[in-house]
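Engineer: Here it is, the structure in full.
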Amino acid sequence: MNAAPRVLARIAELLAAAAPDERGALWHLAEPGRGLDANLVRLPPGAEVGEHQEDVLDVLLVVLAGAGSARAGDGQVLDLGTGTVLWLPRTSRRALAAGPDGLTYLTVHRRRPGLAIKPPSGAYEGGEGPCMLDRVCPGCGRLSQDPAPVFCSRCGERFPER
């Protein structure tokens with residue numbers, strides 16, 4: 001049997017329904033059997049997602065509202081505005097910063113395969129999880145380097161219970 005296309009979300013309605021101070025992931029793709037992952041993310045004015053690197057997947061980022069910047073690992077700063085489509089190739093280092101009106105964007109990438117238990121190899125394989133939004137401070141938007149943060153080291157905000 002063929003799968004049928006269907007509407008999963010209407011971005012304008014999601015943004016209109018979100019509280020003005022709501023931040024982080026407002027929506028994510030969660031359909032069973034999907035080959036993609038997607039997240040609708042809102043950063044408040046001045047918030048940042050700290051520098052990080054995705055070693056396995058290319059990511060497409062589409063700015064839906066607001067403005068800000070992306071800083072590449074080589075120091076290059078790319079301006080982001082409504083309608084900007086940014087390609088984040090795998091192995092690229094990047095950081096995001098929201099402008100004075102905040103930054104709302106959609107990310108899309110190939111879905112990661114499920115985690116499997118592997119025998120210990122003694123070698124560090126690196127990389128990061130498929131989504132690190134649980135490490136983005138709800139108060140200031142900073143990406144925590146701690147894999148299980150309790151409080152933000154920048155603003156002191158408590159992270160939600162997992």
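Please treat every number below as a calculation from the coordinates, not as lab data. It should be emphasised that the depicted structure is a prediction, and the values quoted were computed from it without experimental measurement. Note: ideal-geometry Cβ built from the backbone for every residue, glycine included; neighbour counts use all protein chains shown.
Engineer: Enumerate the calculated ³J(HN,Hα) couplings along the range 86-91 in order (Karplus 6.51 cos²θ - 1.76 cosθ + 1.60, θ = phi - 60°), each rounded to whole Hz, writing x wherever the residue is Gly or Pro.
Structural biologist: Computed from phi, the couplings for the range 86-91 are 10, 9, 10, x, 4, 6 Hz.
Engineer: What length, rounded to one decimal in nm, is gained on full extension from Val150 through to Val85, with 0.36 nm per residue of separation minus their alpha-carbon distance? Walk me through the intermediate numbers first.
Structural biologist: Values: separation 65, 0.36 × 65 = 23.40 nm, distance 3.31 nm.
My answer for the length gained is 20.1 nm.
Engineer: To continue, here is another question. Quantify how much of the Cα-Cα distance distribution of the chain extends past 28 Å, in percent. Provide the component values of the computation, followed by the final result.
Structural biologist: Details: 3062 of 13041 pairs.
That fraction is 23 percent.
Engineer: Out of residues 5 or more away from Leu80 or on other chains, whose amide H comes under 5 Å of its own, with H placed 1.01 Å from N in the peptide plane?
Structural biologist: Amide H neighbours of Leu80: Gly68, Ser69, Ala70.
Engineer: Place the peptides 80-87, 12-19 in order of packing, highest mean first, counting for every residue the other Cβ atoms within 10 Å and averaging per peptide. Mind showing how you got there, number by number?
Structural biologist: Values: 80-87: 13.8, 12-19: 11.2.
So the order, starting with the most tightly packed, is 80-87, 12-19.
Engineer: Sorting check: for 63-70, 35-42, 51-58, which peptide has the highest mean count of neighbouring beta carbons within 10 Å, and how do the rest follow? Walk me through the intermediate numbers first.
Structural biologist: Numbers: 63-70: 19.4, 35-42: 17.8, 51-58: 15.0.
Output ranking for 63-70, 35-42, 51-58: 63-70, 35-42, 51-58.
Engineer: Multiply the residue separation of Asn2 and Gln76 by 0.36 nm, subtract the distance between their alpha-carbon atoms, and state the gained length in nm to one decimal. Could the numbers behind the result be given before it?
Structural biologist: Numbers: separation 74, 0.36 × 74 = 26.64 nm, distance 4.46 nm.
Once the chain is fully extended between Asn2 and Gln76, it gains 22.2 nm.
Engineer: Also, I was wondering about something else. Enumerate the amide H contacts of Arg142 below 5 Å, restricted to partners 5 or more residues apart or on another chain; note that Pro and chain-start residues carry no placed amide H.
Structural biologist: So Arg142 has HN proximity to Glu48, Cys137.
Engineer: Between the range 1-24 and the range 39-60, how far is it from one alpha carbon centroid to the other, in angstrom?
Structural biologist: 19 Å
Engineer: Using label points projected 7 Å from each Cα along Cα→Cβ, tell me how many nm separate Glu157 and Val56, to one decimal.
Structural biologist: The two pseudo-label positions are separated by 2.8 nm.
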